[in-house]
Amino acid sequence: MSASQIPPATAVPADDTPTLLVKIFGKDRPGITAGLFDTLAAYSVDVVDIEQVVTRGRIVLCVLVTAPEPLHGSTGSTEGDLRATVHSWAESMNLQAEIISGIGDNRPRGIGRSHVTVLGHPLTAESTAAIAAAITATGGNIDRIFRLAKYPVTAVEFAVSGAPTEILRTALATEAAVLGVDVAVVASGLQRRAQRLVVMDVDSTLIQDEVIELFAAHAGCEAEVAKVTAAAMRGELDFEQSLHARVALLEGLDASVVEKVRKEVRLTPGARTLVRTLKHLGYQVGVVSGGFTQVTDALQEELGLDFASANTLEIVDGRLTGRVTGDIVDRAGKARLLRSFAHQAGVPLAQTVAIGDGANDLDMLNAAGLGVAFNAKPVVREAAHTAVNVPFLDTVLYLLGITREEVEAADMHDD
């Protein structure tokens, strides 16, 4: 067929074009959608919009079509015939049908479109009602809701229009803190589906441990180091000074302790799933750590990470000297490394995701397109774009619009 023979695309119906909303609901089974459209095809109507949802085996199918034209020379009602035929077909399928006359298409969505992801463990009706009310209070309209996951948490996504993303994010962050649920708000658009770079902190984020405390346990000074670590993560102490003070306590440890610590490291639940799924999707993944390359290098190899940077414990004559070598990876250093990784990956900073839990992660979280506070200290939760307060690192996938079914499908393909 030549270009001149290609028929023009069907135009969107004008505001005054008569349309019919056909709603079908009942017990789901194969063939319902095909059967409805076979029935409508006899009336030469144009399809304007379709929405279908199946919940616990019950289908709701909505089809917006142009009203049928009366047959040439006919005085009968073709619309009436369509209604009767659809109802008869629905009855034969043990379904219910409702047909509503109207004019034109759906009303245009408001300016400002966002994806609001809500995580609950469990997700209660009370918290869902409060989130919906908060969206309405900002002037937003909920256009669509669907479930992303049912375990290890319940995750649902609201498509919202009519409210600026930043205003929506601020309002829902306040509401989420009161309700005890996690809420993430990101702007809608192509960049949400584009390739991204995800950069994580390591200690108490990618892994469950604080690496320096694992080393300290072998040096017999774990309690002292843990006290300084906690104060630094709360932002009460300068990170670089606290690092030097803690590392000094490790002086004299035999270098063989490195291999022991590597074996003691415990990945956070969901860490492997998060990294594996992101890699399946073509994302690049990195870590930045105030810990030590003696551990992060092993994690990079084990998980197939694209980038890794951390401090390095100095070892001389087979023993730790109590010093670190090279530039210190601190709060500012983490943000700098995020930018460097993004440049190397060819990913705009707006399409980066940073995940962390401590005060020294704040600059990185704020620099990223999406900063996620993971089981974080209060000062971090308040400053980050969003917070996740469940102990499963792979729930971050839901904030990116990735469903549990897609995660499982990727795992099956991997096997």
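The values are calculated or read from the model by the stated rules, or taken from the named source; none is laboratory data. Everything numeric here is computed off the predicted structure, so don't read it as measured data. Backbone-built Cβ (ideal geometry, glycine too); neighbour counts: all protein chains shown. Protein only, heavy atoms only, side chains kept; ligands, DNA and RNA dropped before computing areas. Shrake-Rupley method; radii C 1.70, N 1.55, O 1.52, S 1.80 Å.
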Report task. Answer yes if at least one residue in region 365-386 is in contact with an Asp or Glu (Cβ under 9 Å, 6 or more places away or on another chain), over 20 Å from Asp238 (Cα atoms) and surrounded by fewer than 21 Cβ atoms within 10 Å (Cβ to Cβ), and no otherwise. Result -> yes
Requested in this report: Looking only at region 347-358, decide whether some residue is over 18 Å from Thr117 (Cα atoms), surrounded by fewer than 18 Cβ atoms within 10 Å (Cβ to Cβ), free of Cβ contacts under 8 Å to residues at least 24 places away in the same chain and touching a Lys or Arg at 6+ places or on another chain (Cβ under 8 Å).
Outcome: yes
**Report entry** Boolean, Ala176 is hydrophobic (A, V, I, L, M, F, W, C), part of a helix (DSSP H, G or I), in contact with an Asp or Glu (Cβ under 9 Å, 6 or more places away or on another chain) and modelled with pLDDT of 95 or more
**Finding:** no
Query raised in the report: Considering region 88-126 alone, what residues qualify as being more than 21 Å from Leu64 (Cβ to Cβ), open to solvent by less than 30 Å² (accessible area, probe 1.4 Å) and assigned to a strand (DSSP E or B)?
Result: Ser114, Val116, Thr117, Val118, Leu119, Gly120
**Report entry** Which listed residue, of Val372, Val324, is within 22 Å of the chain's Cα centre (by Cα) and in contact (Cβ under 8 Å) with a residue 40 or more places away in the chain
**Finding:** Val372
Report task. Taking Thr205 as meeting all but one of (1) open to solvent by less than 30 Å² (accessible area, probe 1.4 Å); (2) over 26 Å from Leu299 (Cβ atoms), write down the number of the exception. Result -> (2)
Query raised in the report: In the list Arg323, Arg339, which residue meets the criterion of being part of a helix (DSSP H, G or I) and either open to solvent by 50 Å² or more (accessible area, probe 1.4 Å) or modelled with pLDDT of 95 or more (or both)?
Result: Arg339
Query - Residue check for Asp411: more than 16 Å from Asp203 (Cβ to Cβ), touching a residue at least 40 places away in the same chain (Cβ under 8 Å) and out of contact with any helix residue (DSSP H, G or I) (no Cβ under 7 Å at 6 or more places or on another chain) - result: yes
Report summary line: Residue count, region 279-313, condition touching a residue at least 24 places away in the same chain (Cβ under 8 Å) and in a strand (DSSP E or B), comes to 14
Query raised in the report: Mind checking which residues of region 215-248 are touching a residue at least 60 places away in the same chain (Cβ under 8 Å), open to solvent by 20 Å² or more (accessible area, probe 1.4 Å) and closer than 26 Å to Val380 by Cβ?
Result: Arg234, Gly235, Phe239, Glu240, His244
Report task. Please tell me if Leu82 is touching a strand residue (DSSP E or B) at 6+ places or on another chain (Cβ under 6 Å), under 29 Å from Lys27 (Cβ atoms) and in contact (Cβ under 8 Å) with a residue 40 or more places away in the chain. Result -> no
Report summary line: Of the residues in region 97-151, those that are at pLDDT below 90 and among the hydrophobic types (A, V, I, L, M, F, W, C) number 1
Report task. Look at region 267-308 and say how many of its residues are within 22 Å of Ser256 (Cα to Cα) and buried (at least 19 other Cβ atoms within 10 Å of the Cβ). Result -> 10
Query raised in the report: Can you tell which of Asp394, Asp361 is part of a helix (DSSP H, G or I), in contact (Cβ under 8 Å) with a residue 40 or more places away in the chain, open to solvent by less than 50 Å² (accessible area, probe 1.4 Å) and in contact with a Leu (Cβ under 9 Å, 6 or more places away or on another chain)?
Result: Asp394
